[in-house]
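The values are calculated or read from the model by the stated rules, or taken from the named source; none is laboratory data. Since the structure is predicted, the reported quantities are computational estimates derived from the model, not experimental observations. So basically every Cβ, Gly included, is an ideal-geometry build from the backbone, and we count neighbours across all protein chains shown.
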Amino acid sequence: MTRWSKWLFLLTMAAPPSVALAQQGTGVVTGRVTQSGSGQPIPAAQVQIVGTTLGGLTNDQGRFTIRAVPARGVTVRVLRVGYGEQSRAVTVPANGTATVDFTLNVVSVTLTPVVVSTATGEQRSVEIGNSVSQINAAKVTETEPIRSVEDLLNAHAAGVVVTTGTQTGTGSRIRIRGQSSLNLSNDPIYVIDGIRMTSNLGSNAFGTGGSNASRTGDINPDEIESIEVVKGPSAATLYGTDAANGVVVITTKKGRAGPARWTVYGESGLLTDQNTYPYNYTIAGHTATSSAYRECTLPQLSTKACIMDSLRVYAAAHDPDATPIGNGDRYQTGAQLSGGNEVLRYFLSGEREGETGTLTLPTFERQRLDSLGLAIPDYTSRPNNLAKNTFRMNLNATVNPKLDLSLQSGFINLAQRYTLESNATAGLGSHLFGGPGYEGNCNVAVTPATPCHGYRAWTPAYTWSEKVGQKVNRFIASADANWRPFTWNLTHVTVGNDLTDRVDDDLRLRGQGPPLSATYRDGYKGDGRADIRNTTVNITSSATFTPKPWLNTRTSIGTNYVNFQQDQNIAEGQNLPPGAQTATAGANPTVTEATTLQKTLGFFVEEAVALNDRLFLTGALRSDQNSAFGTNFQRVIYPKASVSWLASQEGFFPKADWFNSLRLRFAYGASGVQPGPNDALRTFSATAVRSGATDIPAVTNNLLGNADLKPERSAEFEGGFEAKFFNNRLGLDFTAYQRKTRDALIAAIVAPSAGTGATTVRRNLGAIRNQGLELLANAQLVDQRVFGWDVSVNASTNSNKLLSLGGTPRQILTERQVVENYPLYGWWARPITSYIDKNGDGILTYNADPNLNEVFVGDTAEFRGYTQPRHLVTLTNGFEFLNRRLRLQSLLDYRGGYKAYNNTERIRCVSRNNCAGLMNPGSSLEEQAAVVATRDHPAKTLDGFFEDGTFLKLREMTLSYTLPQAFASRIRSRSAALVLTGRNLATWTKYRGVDPENDYTVTGGGDAPSDFQTVGPATYWIARISLGF
């Protein structure tokens, strides 16, 4: 049968099977895979019949059986992470069985996964030309303090930046290889068990003024087997529109053939706050003509407008009776069951997790409420809390040698509550960071009045009497079918849905809450309900063809359909009667509804060619249609090409003991980011107009829309190598990439004559370049039975540049500008060029007379730095003792090459009048210059608050101990392990704020981080025990 006649059969489903193939017959290949030296069985090794679609996994005894193998000479290949690949030839008799056993050698270091998931199925990593980072989630969750998918990604993959909200249960901003879009999302997409996963940031109806929930955080990391990070368009082409920012591919755990195995685990942890919070300063003084008390500033002291009597220093965060920061706690308990036989395998799991953040009602508040005989609700006592239940059932069935079926299903039940924070005036941060340098500053403006205790206008009990929470029921299910009608063909079908039912709640009972306005304490109830559906259908058919022993090809065709829909209704009621808790009870009710639709239909074809099993060529095309495209733009085409060459397997490659292997790889690919769901549409607003004595309904122009709107299209070149040295004890993986985005959406100005209220319309005008380097190095420095030492380094650097705004003017914002030939989202300000204390009094002042002026500012705004880290380095050190049963591991995380916006200090200096640079005579001239330049200088520049954000953080420290088998046997367990871990243990930085990672905008979808009145991240101390039965 020729190659094209095979495909003709596939497409028409009418041609009969090959007579030659039928006469050839089939047989069975069986065998066992063991470890060299010890003879221990190797479970979960991948066994493949080269040049066919046949294969499987070894069971717990290392045994495998592959049926319906062509009766001829075949090559059997075995792959397993941590072991060297091995292939053996065997002749399969018709209607008989061929037995072939493998003994694999342990590899000291592993750079890349042996098998990766792609849009067309699983492939050996050596066959693809682009870089893919794989995280062994099953192993990491056993030995590190992992709470979420974001924790798994953070500091575990080169080129990936994760910034997480500081409240328990909030989401994260994730960037892969930087930013490449100005007006659209820079977030990656997520695929779980083959289907698109909902990953909305800020997924709630009522904001907190800071970080909000993210649907990515719902996923239980203990259920995950592995995560693959597909970086950029060169790798993500076949994932289509919306994949240009990278793809996070999540694979959950599966059962293996063998007896039932239980894993029971539990953990308990303590959350502490080790951050250093600023003190509040107030200069107490008087004037030369009056001894009456007044509060002064440093410039007033220098000009003699005020005479200092004393420096008053206080901060509620440092007062044990007034601090709202205490200790939190977390717990987790779960069980997993897996096993089965060759026909049916299963994985079942259930888990309960709870966490309470570090925010706690201050002692003085508890005493006040107790003295009044008032009960303290849980949401006031501990405003930040999470409780989550997760369940999973994965089934894999081998119906017959030609058909495999699988079902993956997971259910999540989540309840969490947050406090108002950061940019919410009613929130905690505004008052914690905003008070003066003394405790008896004011009384809260309520009846009866209560003391402020050093808080700016009210105390935490008032903020935390407003309950903001969310409940989620989420069901993710997918079904797969692998059909092999012939040994050369595999058709794969995946159908699934990610369904989320979300209920958001915001309750402020009448007479409660802070006195933010005259009506704020009249009562409010908000009830938001959302139904979120993400439906996926994937169909792929691949055919392999081996016309020559040295030539193997695989042709794949497929289609992909994704349908995202969110329906949301919000009911709100203001001015509640006493005791009322429903929106309908409000004297002023309002109702809103919204629907979001996004649909993508794609078709793709891919051709992969292998020459001598060491040179691999791949080419592909994908065509997409999307509901967000303009009506005049119907489809987009994305190409892909890659080369992977195992150069060290060529006969001419020099043989040396110190140089073991070399692979060269190159890739090119394109992908896109779809416009917003309604960007292409012309919209109208409903209104009422007066006609005579009555109002009649009418509409007015709202947005003009754009019928020619296209996706932003990114094309990327990537090249690199992988090499191993010194008997495979040192491995290097290097990648260089350059991405160019064209048709970038720009907010073009609309002429007033257009007759619409909109001032801009989105058009495909811009161009952006993004480039960088990535390096992964693994080394086994010591490899002895009694002691081992391994080191891993992940490093990357990234830069971007806005090449064109399409003829539109630069965009000028308060602290940022969008300017051609400069980076996206850069900080811009008129620079502080110099400062000098001319009169030697230790205080800087501004004077319009340049001879008297002490702080000098440039005439025009300049680029001051990147807003996010460009240079990333993580160093993992592992030491093993006691015959490898005891392991001590540390993870250091370095981030640099950017400026952090200390917006907290900015508002303290400009508005709260309590910062060191304004009020503390002992402050540095640098701090004072920042204050003078923004308060007193006509430039009002923010330059002094764009600080060097470079930091080195001891991200994790872990001590794990596998108990001796004799001890495990005493408690009737198969295995037992104890893990002690810590996270966010120490930070070294020149940044003067709470923490350079603080950012209240992480779930806002933007790329302009701001440390604004935000409590710092918690430190976690966790003990975990795992038992296997």
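Would you list the strands (runs of 3 or more DSSP E) that sit entirely within the range 118-190 and hold 2 or more residues that are aliphatic (A, V, I, L, M) and either more than 22 Å from PHE1012 (Cβ to Cβ) or in the same structural domain as ASN800 (by TED's automatic domain parsing) (or both)?
Details: elements: 121-124, 132-135, 160-164, 172-176.
Here the list reads 132-135, 160-164, 172-176.
Checked against the criterion of being touching a residue at least 60 places away in the same chain (Cβ under 8 Å) and in the same structural domain as LYS231 (by TED's automatic domain parsing), the range 583-591 has at least one qualifying residue. Here ILE227 clears all of (1) out of contact with any helix residue (DSSP H, G or I) (no Cβ under 9 Å at 6 or more places or on another chain); (2) surrounded by fewer than 24 Cβ atoms within 10 Å (Cβ to Cβ); (3) within 21 Å of PRO145 (Cβ to Cβ) except the condition numbered (1).
Taken over the range 282-335, the criterion of being over 30 Å from PHE364 (Cα atoms), part of a strand (DSSP E or B), touching a residue at least 24 places away in the same chain (Cβ under 8 Å) and not assigned by TED's automatic domain parsing to the domain that holds GLU351 is satisfied by MET308 alone. ALA44 fulfils the conditions (1) in contact with a Leu (Cβ under 7 Å, 6 or more places away or on another chain); (2) at pLDDT below 85; (3) under 18 Å from LYS402 (Cβ atoms) except for a single criterion, (3). Restricting attention to the range 904-962 and to residues that are among the acidic types (Asp, Glu) and surrounded by fewer than 24 Cβ atoms within 10 Å (Cβ to Cβ), the residue that is farthest from the chain's Cα centre (by Cα) turns out to be ASP936.
Take THR958 and decide whether it is of a type in the set (Val, Ile, Thr), closer than 30 Å to ALA260 by Cβ and in contact with a helix residue (DSSP H, G or I) (Cβ under 6 Å, 6 or more places away or on another chain). Reasoning before the result, please.
Values: of a type in the set (Val, Ile, Thr): yes; closer than 30 Å to ALA260 by Cβ: yes; in contact with a helix residue (DSSP H, G or I) (Cβ under 6 Å, 6 or more places away or on another chain): yes.
Spelling it out, THR958 is indeed of a type in the set (Val, Ile, Thr), closer than 30 Å to ALA260 by Cβ and in contact with a helix residue (DSSP H, G or I) (Cβ under 6 Å, 6 or more places away or on another chain).
Quick one: is PHE666 closer than 30 Å to THR544 by Cβ, assigned to a loop (DSSP other than H, G, I, E, B) and in the same structural domain as ALA758 (by TED's automatic domain parsing)? The answer is no for PHE666. When ASN847 is tested against (1) free of Cβ contacts under 8 Å to residues at least 12 places away in the same chain; (2) in a helix (DSSP H, G or I), only condition (2) is not met.
Might you let me know whether the range 866-876 holds any residue that is closer than 22 Å to GLY944 by Cβ, touching an Asp or Glu at 6+ places or on another chain (Cβ under 8 Å) and in a strand (DSSP E or B)? Among the residues of the range 866-876, not one is closer than 22 Å to GLY944 by Cβ, touching an Asp or Glu at 6+ places or on another chain (Cβ under 8 Å) and in a strand (DSSP E or B), which makes the answer no. If you scan the range 272-314, which residues turn out to be under 30 Å from LYS953 (Cβ atoms) and either at pLDDT below 95 or surrounded by fewer than 21 Cβ atoms within 10 Å (Cβ to Cβ) (or both)? Residues satisfying the conditions are THR272, GLN274, ASN275, THR276, TYR277, PRO278, TYR279, VAL313. When the range 521-539 is filtered for residues that are farther than 25 Å from LEU597 by Cβ and touching a Gly at 6+ places or on another chain (Cβ under 6 Å), the ones remaining, listed by number, are ARG521, LYS525. Taken together, the residues in the range 870-905 that are modelled with pLDDT under 95 and not assigned by TED's automatic domain parsing to the domain that holds MET957 amount to 0.
Collect the residues in the range 398-432 that are in contact with a Lys or Arg (Cβ under 6 Å, 6 or more places away or on another chain) and either in a loop (DSSP other than H, G, I, E, B) or within 30 Å of GLN336 (Cβ to Cβ) (or both), keeping them in residue-number order. Answer for the range 398-432, where residues must be in contact with a Lys or Arg (Cβ under 6 Å, 6 or more places away or on another chain) and either in a loop (DSSP other than H, G, I, E, B) or within 30 Å of GLN336 (Cβ to Cβ) (or both): PRO401, LYS402, GLY410, ILE412, LEU414, ALA415. Inspect the range 499-515 for any residue being within 29 Å of THR237 (Cβ to Cβ) and either in the same structural domain as GLY202 (by TED's automatic domain parsing) or touching an Asp or Glu at 6+ places or on another chain (Cβ under 9 Å) (or both) and give the result as yes or no. Checked against the condition, which is being within 29 Å of THR237 (Cβ to Cβ) and either in the same structural domain as GLY202 (by TED's automatic domain parsing) or touching an Asp or Glu at 6+ places or on another chain (Cβ under 9 Å) (or both), the range 499-515 yields at least one hit. Within the option set TYR825, TYR901, TYR894, TYR866, being more than 30 Å from ARG294 (Cβ to Cβ) and touching a Gly at 6+ places or on another chain (Cβ under 7 Å) holds for one residue only, TYR866. Taking the numbered list (1) assigned to a strand (DSSP E or B); (2) surrounded by fewer than 17 Cβ atoms within 10 Å (Cβ to Cβ); (3) hydroxyl-bearing (Ser, Thr, Tyr) in turn, THR618 passes all entries but (2). Pick out the one residue from ASN534, ASN563 that is assigned to a strand (DSSP E or B), out of contact with any Asp or Glu (no Cβ under 7 Å at 6 or more places or on another chain) and surrounded by 15 or more Cβ atoms within 10 Å (Cβ to Cβ). From the options ASN534, ASN563, the qualifying one is ASN563. In the set (1) among the β-branched types (Val, Ile, Thr); (2) touching a helix residue (DSSP H, G or I) at 6+ places or on another chain (Cβ under 9 Å); (3) buried (at least 23 other Cβ atoms within 10 Å of the Cβ), the condition left unmet by VAL132 is number (3).
Within the range 653-687, restricting attention to residues that are in contact (Cβ under 8 Å) with a residue 60 or more places away in the chain and more than 30 Å from VAL126 (Cα to Cα), which residue is farthest from the chain's Cα centre (by Cα)? So that I can check it myself, show each step before the final result.
Initially, the range 653-687 is screened for residues in contact (Cβ under 8 Å) with a residue 60 or more places away in the chain, giving 657-663, 665-677, 679, 685.
If we keep only those that are more than 30 Å from VAL126 (Cα to Cα) too, we end up with 674-677, 679, 685.
On the way: GLN674: 20, PRO675: 21, GLY676: 21, PRO677: 22, ASP679: 26, SER685: 36 Å.
Per the stated criteria, the residue is SER685.
Taking the range 317-376 as the range and being surrounded by fewer than 15 Cβ atoms within 10 Å (Cβ to Cβ) and β-branched (Val, Ile, Thr) as the test, the residues that pass are THR333, VAL343, THR363. Tallying residues that are under 31 Å from the mean Cα position of the chain (by Cα), surrounded by fewer than 20 Cβ atoms within 10 Å (Cβ to Cβ) and either over 30 Å from LEU773 (Cβ atoms) or at pLDDT below 90 (or both) within the range 698-747 yields 1.
Does LEU802 fit the bill of being of a type outside the set (Phe, Trp, Tyr), under 26 Å from LEU942 (Cα atoms) and buried (at least 20 other Cβ atoms within 10 Å of the Cβ)?
Taking the combined requirement at face value, the residue satisfies it.
When we screen VAL782, VAL793 for residues that are part of a strand (DSSP E or B), at pLDDT below 95 and touching a strand residue (DSSP E or B) at 6+ places or on another chain (Cβ under 7 Å), the only hit is VAL782.
Looking only at residues that are assigned to a strand (DSSP E or B) and among the basic types (Lys, Arg) in the range 468-527, which one is nearest to ILE219 (Cα to Cα)? Steps first, answer last, please.
Residues of the range 468-527 assigned to a strand (DSSP E or B): 468-486, 489-508, 524-527.
Checking the rest, the ones that are also among the basic types (Lys, Arg) come to 471, 474, 484, 502, 508, 525.
On the way: LYS471: 15, ARG474: 10, ARG484: 32, ARG502: 15, ARG508: 30, LYS525: 29 Å.
Per the stated criteria, the residue is ARG474.
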